[in-house]
Amino acid sequence: MTGKRQDLLNMLCDLSDLSALVTGSENIENFLQRTVVLVSEHLGTPVCSIYLHDETADELVLKATVGLNPEAVDRVRMGPGQGLVGTVMASRKPVCEGRASKNPRFRYFPETDELPYESFLAVPIQKGVVKIGVLVVQHTEPDYFETTDVTALKATGAQLAAVLENARLLMDLQRMCRIPERPVCNLGFIKGQRVSGGFARGRATVWGKSHAQLVAGSRESEGGTMADFRRATARTADQLDVLQQRCAERLPESASLIFAAHFMMLKDPKFIDSMAAKIEAGLPATRAVREVAGKYIDLFADSPHPYIREKVGDIEDLAGRLLGNLAPPSTDDSQDSTGRVVVARALYPSELLKLSAESVAGIVLANGGVTAHVAIVARSLKIPMVVVQCPELLHLPPDTLVLVDGEVGNVYVDPSADIVDRFDARNRARQQVAARPTSMPAGTARTTDGTAVDLLANINLLGELPLARRMGAAGIGLYRTEFPFLIRPSFPSETEQYLVYRKVVSAMGDRPVVFRTLDLGGEKTLAYSDAAKEANPELGLRSIRFTLAYRDIFEQQLRAILRAAAGRESLGIMFPLISSPDDFLRARQVLNDCMDRLEAEGLDHHDHPAIGMMVELPAVVETMAEFAALADFFAIGTNDFVQYMLGVDRGNKRVADYYRPEHPAVLRALERVVRIAGAHDKPISICGEMGHDTAMIPFLLGIGIRRLSLDPQFMPGVNQCIAGLEINRCRNHALEMMAAGSIAGVQKCLAGF
Ligand code: PEP
Ligand code: MG
């Protein structure tokens with residue numbers, strides 16, 4: 001089997017082949033069957049089976065097999081820990097047995113007509129913390145499988161996880177539901193907050209509500225024959241194909257399978273065939289689509305699992321597209337958001353990506369809040385976005401004209417012709433300014449006395465790399481690796497991460513790059529994770545605590561980073577939210593273990609990364625000397641450092657006045673941290689937003705900071721600011737600021753500088 005291994009890996013690493021497997025199958029059962037046939041052919045094993053996890057019963061169910069009795073499909077079930085297959089699921093670890101029948105956990109299922117297949121190899125299929133199922137291969141010859149086969153099957157399971165997750169979900173559906181109508185209200189001008197710049201003018205689509213209305217439907221719009229339905233299905237598949245390609249172009253790290261759930265549903269007999277059956281029984285096609293979609297929405301919406309509830313949007317979206325393609329061309333009943341202003345209560349980054357693929361004009365978030373990550377994705381995708389505290393907007397009649405001024409945060413609902421004219425004029429003026437060329441700075445700024453300050457880039461998305469290069473960034477001081485996780489519909493596999501990270505390192509040539517390991521939790525929540533809700537997420541299982549708890553996820557990421565940086569001179573890896581030297585040592589041990597394993601597997605990787613940490617917690621200040629003996633470098637995350645020093649939620653507008661970077665305690669602690677790092681000759685940078693605050697830069701230089709990592713768009717302003725500073729004056733200014741005993745006192749120093 002080993003000889004086939006590379007072949008199999010090559011095939012599965014190519015996501016387009018995986019897409020082809022999905023799109024080329026007639027239904028989900030057929031897709032699963034084709035998958036087991038393909039794996040067994042490539043691995044040369046007489047048996048290959050897929051078991052999927054049934055959430056409700058907490059059981060594994062045999063869903064497809066070659067080699068076992070096909071009648072056993074759907075009949076063989078086992079609980080976690082039962083038999084060898086159940087053991088794999090419960091332990092989340094592969095099981096490789098040379099003589100399976102001798103293992104005390106071995107269990108024989110008579111329905112399978114199983115021959116004495118002595119060699120047994122099974123791997124768990126999981127997406128992050130979500131259990132999806134188990135992939136099994138068997139062979140009659142004892143001791144047939146080798147360690148390399150375990151690795152190959154693990155990689156196969158990882159690549160299949162996303163599509164199998166959708167397949168499993170779609171196999172679980174029953175109940176009926178209807179979505180209630182909501183009242184309507186009138187609105188004029190709304191003052192909000194800008195999230196992402198630019199102007200948008202378009203007809204409104206209320207996200208969620210329009211879906212519900214669409215699925216609930218109206219008598220007048222009913223119609224469509226079986227032929228119309230078939231045409232609409234084919235057209236929908238074509239449109240999804242185009243959207244998928246656009247997603248991949250705009251945000252390559254989103255992966256091309258962002259519409260995998262849609263494709264799966266289009267293949268699902270319980271979905272499509274039951275619509276067809278209703279049409280055959282005499283219902284108009286639109287009614288049939290609405291009724292079946294309604295059942296699915298109800299079932300998914302009732303699920304206790306967030307990643308299943310998250311699929312409601314996918315079903316609404318797909319039903320809307322089908323209905324749009326069933327409607328006569330003149331009526332605009334489609335789900336497409338092209339050129340529209342979408343009004344939503346809240347959005348996940350992955351939803352934003354879908355809207356961007358449809359060329360949405362602008363977005364209004366009506367519930368007063370937005371996570372920093374949605375804001376960053378919106379800016380990166382150049383979608384004008386405003387957040388308002390006005391839930392009434394969610395009841396806006398469809399097609400109302402809305403203007404979004406993302407420059408100042410204004411929203412105009414059903415504006416007069418005069419307002420529209422003025423809005424258009426401002427938009428034209430802005431476009432002219434944006435078209436003017438700007439002079440580009442270098443990545444090293446110099447004070448008047450010649451002191452050099454390196455300017456590195458903070459990068460969240462691959463799309464920001466060209467700007468970092470254009471601005472001449474000296475390297476990447478902070479690559480926030482959680483973004484590919486946030487904008488995708490499910491956990492990326494090691495290979496998917498590797499492909500993204502590879503683009504990051506190759507874009508920067510030989511300039512230094514620092515990867516920060518996954519910083520999830522707090523406000524960075526995943527739509528698809530069912531990690532437990534916490535009362536205080538900022539103080540909970542966040543960041544390094546999450547990755548240390550889910551070691552699989554941590555290891556996959558570290559392996560992907562190390563492999564992506566193979567052959568490079570320098571690589572920095574840093575851990576976020578470290579609170580004790582013990583945390584740091586545990587994290588470093590995982591990293592060292594990963595390097596050892598990559599070495600043993602003979603995979604190319606970087607084997608001498610600089611290992612650093614973020615300074616974000618007050619606990620680090622007191623133990624800085626111990627950390628300085630352990631870590632190779634430091635990056636101060638002032639966004640969190642201020643939050644935790646002062647006990648103020650950085651995202652809570654109600655306490656925004658208490659969030660004071662200029663608090664004397666913050667300033668003195670920063671000085672102490674920088675001084676101790678310097679005494680140990682350990683590089684230290686600022687990578688929070690304080691790093692581009694030109695009022696605070698003289699203080700930072702005054703306490704010895706010589707490296708700033710910032711959003712590349714701020715580099716020209718920061719470069720100019722530093723060019724006007726003199727280092728001795730900055731030192732005196734910093735001393736004066738630290739001597740001030742109150743926020744007001746510090747502010748006086750700032751004003752007098
Ligand atoms: C910070 O806390 O300052 C930081 C850079 O990390 P993030 O903003 O991603 O939490
Ligand atoms: Mg932080």
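Values as computed for the structure displayed
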| quantity | calculated |
| --- | --- |
| Candidates L670, L700 - the one that is modelled with pLDDT of 95 or more and either away from ligand 2 (no atom under 16 Å from the Cβ) or more than 23 Å from G741 (Cα to Cα) (or both) | L700 |
| Residue match in the range 655-671 (condition: open to solvent by 50 Å² or more (accessible area, probe 1.4 Å), within 16 Å of ligand 1 (Cβ to nearest atom) and of a type in the set (K, R)) | yes |
| Any strands (runs of 3 or more DSSP E) falling wholly within the range 352-415 and containing at least 3 residues that are of a type in the set (A, V, I, L, M) and crowded, with 21+ Cβ neighbours inside 10 Å | 362-365, 385-387, 401-405 |
| Helices (runs of 4 or more DSSP H) enclosed by the range 205-271 - at least 1 residues per element that are at pLDDT 75 or above and open to solvent by 40 Å² or more (accessible area, probe 1.4 Å) | 226-250, 260-267 |
| Selection count where residues are touching a residue at least 60 places away in the same chain (Cβ under 8 Å) and within 16 Å of V312 (Cα to Cα), scope the range 260-269 | 6 |
| K503 farther than 24 Å from V615 by Cα, part of a loop (DSSP other than H, G, I, E, B) and in the same structural domain as M595 (by TED's automatic domain parsing) | no |
| The lone exception for P716 - which of (1) within 16 Å of ligand 1 (Cβ to nearest atom); (2) under 30 Å from L461 (Cβ atoms); (3) open to solvent by 10 Å² or more (accessible area, probe 1.4 Å) it fails | (1) |
| Flag for F633 being within 16 Å of ligand 1 (Cβ to nearest atom) and either more than 30 Å from G741 (Cβ to Cβ) or in contact with a strand residue (DSSP E or B) (Cβ under 7 Å, 6 or more places away or on another chain) (or both) | yes |
| Count of the range 542-563 residues which are within 19 Å of A600 (Cβ to Cβ) and either aliphatic (A, V, I, L, M) or part of a loop (DSSP other than H, G, I, E, B) (or both) | 4 |
| One residue from D649, D632 being more than 26 Å from the chain's Cα centre (by Cα), acidic (D, E) and either open to solvent by 60 Å² or more (accessible area, probe 1.4 Å) or within 16 Å of ligand 2 (Cβ to nearest atom) (or both) | D632 |
| Lone unmet requirement of (1) modelled with pLDDT of 85 or more; (2) under 19 Å from C48 (Cα atoms) for S196 | (2) |
| Residue match in the range 578-595 (condition: within 16 Å of ligand 2 (Cβ to nearest atom), hydroxyl-bearing (S, T, Y) and open to solvent by 20 Å² or more (accessible area, probe 1.4 Å)) | yes |
| Qualifying residue in the range 553-570 (condition: within 16 Å of ligand 1 (Cβ to nearest atom), open to solvent by less than 70 Å² (accessible area, probe 1.4 Å), on the phi < 0 side of the Ramachandran plot and not small (G, A, S)) | yes |
| Residue selected from the range 70-110 under the condition of a type in the set (K, R) and not in a loop (DSSP other than H, G, I, E, B), by the criterion nearest to Y550 (Cα to Cα) | R77 |
| Total residues in the range 606-615, condition in a loop (DSSP other than H, G, I, E, B) and buried (at least 23 other Cβ atoms within 10 Å of the Cβ) | 0 |
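Yes/no matrix, rows are residues, columns are (1) open to solvent by 10 Å² or more (accessible area, probe 1.4 Å); (2) part of a helix (DSSP H, G or I); (3) in contact with a helix residue (DSSP H, G or I) (Cβ under 7 Å, 6 or more places away or on another chain):
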residue: Q126; (1), (2), (3): yes, no, yes
residue: I132; (1), (2), (3): no, no, yes
residue: P142; (1), (2), (3): yes, no, no
residue: T151; (1), (2), (3): yes, yes, yes
residue: E165; (1), (2), (3): no, yes, no
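Yes/no matrix, rows are residues, columns are (1) at pLDDT 80 or above; (2) out of contact with any helix residue (DSSP H, G or I) (no Cβ under 7 Å at 6 or more places or on another chain); (3) not in a helix (DSSP H, G or I):
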site: K4; (1), (2), (3): no, no, no
site: L9; (1), (2), (3): no, no, no
site: T35; (1), (2), (3): yes, no, no
site: K63; (1), (2), (3): yes, no, yes
site: L68; (1), (2), (3): yes, no, yes
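The values are calculated or read from the model by the stated rules, or taken from the named source; none is laboratory data. Note that the structure is predicted; figures quoted are calculated from it, not measured. FYI the Cβ positions are ideal-geometry reconstructions off the backbone, even for glycines, and counts take in every protein chain you see. Calculation scope for accessible area: heavy atoms of the full protein, side chains included, ligands and nucleic acids excluded. Shrake-Rupley method; radii C 1.70, N 1.55, O 1.52, S 1.80 Å.
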